[in-house]
Amino acid sequence: MIRAGIIGATGYAGGELVRLLLGHKDVEIVWYGSRSYIDQKYADVYRNVFKLVEDVCKGDDLLKLSGEVDVIFTATPQGYLGSVLNEDILSRCKVIDLSADYRLKDVGVYEEWYKIEHKSPELIGEAVYGLCEINRESIKKARLIANPGCYTTCSILSVYPLLKEGLIDKDSIIIDAKSGVSGAGRGAKVANLYCEVNESMKAYGVTTHRHTPEIEEQLSYACDSKIKVLFTPHLAPMNRGILVTAYASLKENVNEEDVRAAYEKYYSDEYFIRILDKGVCPETRWVEGSNFYDVNAVTDKRTNRVIMMGALDNMVKGAAGQAVQNMNLLFGLKENEGLCITPVFP
């Protein structure tokens, strides 16, 4: 039995980790960490686990926790793990971080985009970017996993096959993305109040969103060349979900069959990636509550461009589900263990 601890267990991603791990036959949660609810019953914070979880919330003493568990999940704000993680902790247990602290290999880029000084840059090099479908073998050997962001997971998976196969112009990529409100976290913010969000959509973080360098870095690995993308996120009036519509110019003589073949080459054997039938567009409602990612693409002969579309649940495949998927790989379990969940509808 894998003993797991969660720091940030009372945030949205932490709560989703609890939900998934409670249904995992190989895991026991031994630590529900939360600065805001220390000594309060976890089930009083999230009533959906009433009679399922009797534990009280503990603090965020990572060093103490590392001696009690096999794996720590940190669902915490940017900067927390970077300020406390050290070799002593990593020598005791594995760490899966849901923040951005170890996603970017260039500490200068991290500090520029997140406006935070990184306190443990010496550990960045060994962190493995936990996008399972692309970095599976490296993940299996890691001690420290940088769990990808929700926008980035959807964006990268949508574009990766065509960029990897050299079917699109790397300098023409535009990514338009929509997210449910849960992506902004559980903290009280006026901009996320019901009356502020309902019956409205808006772009935000235009040219400045912090997932931009993460998308660019990972896609640069796909084509072995530095690239820049135009990424614009939008807030949609829904609880969960990410929908990406990405655009790029096709290389000369690339057709719809070539595009389809690229997705089949990289994703046909992936349990969590569902390549939709021709003409079917991804929808957030068909992946809600699951670790599935739906993808499809359409070529436009008139403009010689391709439209790449993807949908996932930002709380599951975009956060907690992917973290559990990473854990399964780290401990030699079936990759879909505890994650064979049918999407919820309606």
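Values in this text are rule-based calculations from the coordinates and carry no lab data. Values in this document were obtained by computation on a predicted structure and should not be read as measured data. Reconstructed Cβ throughout: ideal geometry from the backbone, glycine too, with neighbour counts over all protein chains shown.
Among Phe292, Phe50, Phe231, the largest mean-square fluctuation in a Gaussian network model of the chain (Cα springs under 10 Å) belongs to Phe50.
Peptides 320-332, 163-175, 82-94 ranked from most to least packed give 320-332, 163-175, 82-94, packing being the mean of other C-beta atoms within 10 angstrom over each peptide's residues. So for the chain, considering every pair of alpha-carbon atoms, how many percent are separated by more than 36 Å? Tail of P(r) above 36 Å: 17 percent of Cα pairs. Angle, helix 12-22 long axis vs. longest principal axis of the chain, Cα atoms, 0 to 90°, nearest 10? For helix 12-22, the angle is close to 70 degrees. For the range 233-346, the normalised intensity computed at q = 0.09 Å⁻¹ comes to -0.28 (log10 of I(q)/I(0), Debye sum over alpha carbons, equal scatterers, no solvent).
Here the range 151-313 yields Rg over Rh of 0.98, to two decimals, using C-alpha coordinates and the Kirkwood radius. Mind checking the angle between helix 212-223 and the chain's longest principal axis? C-alpha axes, 0 to 90 degrees, to the nearest 10. Here the helix axis deviates by roughly 60 degrees. Taking a Cβ cut-off of under 12 Å around Asp224, the surrounding Lys, Arg, Asp and Glu residues balance to a net charge of +3, with basic ones at +1 and acidic ones at -1.
A simple rule links phi to the HN-Hα coupling: the Karplus curve 6.51 cos²θ - 1.76 cosθ + 1.60 with θ = phi - 60°, which for the range 134-141 gives 10, 10, 3, 5, 5, 4, 4, 9 Hz, with x for Gly and Pro.
Considering only Val27, Val280, Val95, the Gaussian network model of the chain with Cα springs below 10 Å gives its largest mean-square fluctuation to Val280. Sorted ascending by nearby beta carbons within 10 Å, beginning with the fewest, Cys132, Cys195 become Cys195, Cys132. Sequence-ordered 3J(HN,Hα) estimates for the range 338-346 from the Karplus curve with 6.51, -1.76 and 1.60 and θ = phi - 60° stand at x, 10, 7, 10, 5, x, 8, 8, x Hz, glycine and proline given as x.
Restriction of the GluC sites (Glu not before Pro) in the range 170-256 to DSSP coil positions whose beta-carbon has at most 14 other beta-carbons within 10 angstrom yields Glu199, Glu252. Based on Cα contacts under 8 Å between residues 6+ apart, the chain shows a relative contact order of 17 percent.
When the GluC sites (Glu not before Pro) in the range 8-83 are filtered for DSSP coil states and for at most 11 other beta-carbon atoms within 10 Å of their beta-carbon, the remaining sites are Glu54.
Ordered by the number of other Cβ atoms lying within 10 Å of each residue's own Cβ, fewest first, Arg186, Arg47 fall into the sequence Arg47, Arg186. Among residues other than Trp31 with Cβ under 12 Å from its Cβ, the summed charge is -3 (Lys and Arg +1, Asp and Glu -1).
Exceedance of the 28 Å cut-off in Cα-Cα distance is limited, within the set Lys25/Lys58; Lys25/Lys64; Lys178/Lys228; Lys140/Lys228, to Lys140/Lys228. Applying a DSSP loop filter and a limit of 15 other Cβ atoms within 10 Å to the GluC sites (Glu not before Pro) in the range 108-161 leaves Glu117, Glu126. Would you order Arg210, Arg136 from fewest to most other beta-carbon atoms within 10 Å of each residue's own beta-carbon? Fewest to most other Cβ atoms nearby, the residues stand as Arg136, Arg210.
Counting Lys and Arg as +1 and Asp and Glu as -1 over every other residue whose Cβ lies under 15 Å from the Cβ of Glu165, the net charge comes to -2.
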